[in-house]
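Below is one structure, written out as C-alpha cells; the observations come after it.
The values are calculated or read from the model by the stated rules, or taken from the named source; none is laboratory data. Note that the coordinates shown come from a computational prediction; the quantities given were computed from them, not determined experimentally. Cβ placement follows ideal geometry from the backbone for every residue including glycine, while neighbour counts extend to all protein chains displayed. Surface areas here come from the heavy atoms of the whole protein model, side chains and all, with no ligands, DNA or RNA. Shrake-Rupley method; radii C 1.70, N 1.55, O 1.52, S 1.80 Å.
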Amino acid sequence: QVHLVESGGGLVQAGGSLTLSCVAAGQNMYAMAWFRQAPGKEREFVASILWKGIFADYSDSVKGRFTISRGSAMDTAYLQMNTLTPEDTAVYYCNADLTARIRPTRPGAYWGQGTQVTVPE
C-alpha cells in the first residue's frame, strides 16, 4: 500500500508564495504530480514530473508561476507556487505512479488526502 502525505498548505495573501511537499513514504515513484480541486469545480491537473526531475509539465493556468521538482530521494515531490491569486484557492492533491507517466487526463494510481491552499480576495 502506497501512502502519499502532503504538507505545506495554508493561507497566503495574493501575490505571495507557498511550497507544497509530498512524501511517498519510502516508495521510489516513477512519476509524481499535483492536481487541485476548487469549491464547486472538478479536480484539475496542475503539474507533473518524472523521476530525476525530467519532463516537467504544467497546466496553462500555472505555467511560469509554479515549479514542480523532485527530491534527491525518489519518494518526494515539491510544488513551489509563486504569485498566487484567489483563483489558486483549492485543495491540492499529490498524485503518483510507480511505472507510468502522469498526464492531465490520466492521473497516477495513488492519491494523497489533500492540503488546502487559500488565497483570499
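Among the residues of region 24-43, those that are within 13 Å of residue 93 (Cα to Cα), open to solvent by 60 Å² or more (accessible area, probe 1.4 Å) and in contact (Cβ under 8 Å) with a residue 24 or more places away in the chain comprise 37, 43. Evaluating residue 53 against the criteria (1) surrounded by fewer than 16 Cβ atoms within 10 Å (Cβ to Cβ); (2) touching a strand residue (DSSP E or B) at 6+ places or on another chain (Cβ under 6 Å); (3) modelled with pLDDT of 95 or more; (4) of a type outside the set (Val, Ile, Thr) leaves one unmet condition, (3). When 73, 33 are checked against the criterion of being of a type in the set (A, V, I, L, M) and at pLDDT 95 or above, a single residue qualifies: 33. The C-beta contact set for region 44-67 (first residue more than 14 Å from residue 107 (Cα to Cα), second residue buried (at least 19 other Cβ atoms within 10 Å of the Cβ) and among the acidic types (Asp, Glu), distance under 9 angstrom, 6+ apart or interchain) comprises 61/88; 62/88; 65/88; 66/88.
Just so you know, in region 94-121 the residues that are part of a strand (DSSP E or B) and touching a Cys at 6+ places or on another chain (Cβ under 9 Å) include one that is surrounded by the fewest Cβ atoms within 10 Å (Cβ to Cβ), and it is 111. Of everything in region 1-21 that's part of a strand (DSSP E or B) and open to solvent by less than 40 Å² (accessible area, probe 1.4 Å), which residue is nearest to residue 79 (Cα to Cα)? For region 1-21, the residue satisfying everything is 20.
Taking region 56-89 as the range and being at positive phi and surrounded by 17 or more Cβ atoms within 10 Å (Cβ to Cβ) as the test, no residue passes. Scan region 18-61 for residues that are closer than 15 Å to residue 96 by Cβ, out of contact with any Phe, Trp or Tyr (no Cβ under 7 Å at 6 or more places or on another chain) and hydroxyl-bearing (Ser, Thr, Tyr) and the total you get is 1.
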